[in-house]
């Protein structure tokens, strides 16, 4: 079997930036184990697979270890492939996913994703969290992931977490965030998900389903600018819309090819 594959750098307008995702358009669904094997072989944070239907596009995401319920950068990458490589007509895409319908709209040079809002619920910090992160922290909450607020952007930047301890926590990943000290940013973050085979994810759209309502309420703002300050890094324009969040960014094609399975 021969399948097309695209590799896209999402949340970036230049190659080697943002977060790379693989995208595999399918005519019909293939075996789940084969999709997981492809994602494991790609060894990127996410591989997206989609099948186009008459009114919507069914989209799934796989990490190197398992299928996941929500992914931002691979959704952005899939939308980019449809718009830029597969000549999709129109400026709105409707994706059916494990997290419900996700709409992506093309707006000039940006693509805007309509995601569910997943605000964190305050929790007692796990006993090993301080040792895992190697720093003190303030608020700790959980949605799908554990969110940890620390005192400064510099602390977020300098983190060297113990991935073995983070992998033992009861969550997909750990989001570490702080209010930004830059005038053009509201908050920064990093995201660690060794359980998913992704020690550090460069730019994590799904984490912002939790970050946006958290910072929106804390800063009393609807529109927020964010940066994930991983080594690759990525910039996100966001808006808190109650039970939904809008996440906007750019993407660029890095590679086009075929796989043989």
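Under the condition of being farther than 17 Å from residue 257 by Cβ, part of a loop (DSSP other than H, G, I, E, B) and either modelled with pLDDT of 95 or more or under 13 Å from the mean Cα position of the chain (by Cα) (or both), the residues counted in the stretch 41-56 number 2.
Of all the listed residues (219, 211), the sole one being surrounded by fewer than 16 Cβ atoms within 10 Å (Cβ to Cβ) and farther than 19 Å from residue 9 by Cα is 219.
This table checks each residue for (1) in contact with a strand residue (DSSP E or B) (Cβ under 6 Å, 6 or more places away or on another chain); (2) assigned to a loop (DSSP other than H, G, I, E, B); (3) in contact (Cβ under 8 Å) with a residue 24 or more places away in the chain.
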residue: 175; (1), (2), (3): yes, no, yes
residue: 181; (1), (2), (3): no, yes, yes
residue: 185; (1), (2), (3): yes, yes, yes
residue: 188; (1), (2), (3): yes, no, yes
residue: 204; (1), (2), (3): yes, yes, yes
residue: 227; (1), (2), (3): yes, no, yes
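All of 38, 30, 102 fail the test of being modelled with pLDDT of 95 or more and either in the same structural domain as residue 225 (by TED's automatic domain parsing) or part of a loop (DSSP other than H, G, I, E, B) (or both), apart from 30. One residue stands out among those in the stretch 191-208 that are buried (at least 23 other Cβ atoms within 10 Å of the Cβ) and in contact with a helix residue (DSSP H, G or I) (Cβ under 6 Å, 6 or more places away or on another chain): the one that is nearest to residue 44 (Cα to Cα), which is 203. Inspection of the stretch 63-86 identifies no residue that is without any contact (Cβ under 8 Å) to a residue 12 or more places away in the chain and not in a strand (DSSP E or B).
The values are calculated or read from the model by the stated rules, or taken from the named source; none is laboratory data. Given the structure is predicted, the values throughout are model-derived calculations rather than measurements. FYI the Cβ positions are ideal-geometry reconstructions off the backbone, even for glycines, and counts take in every protein chain you see.
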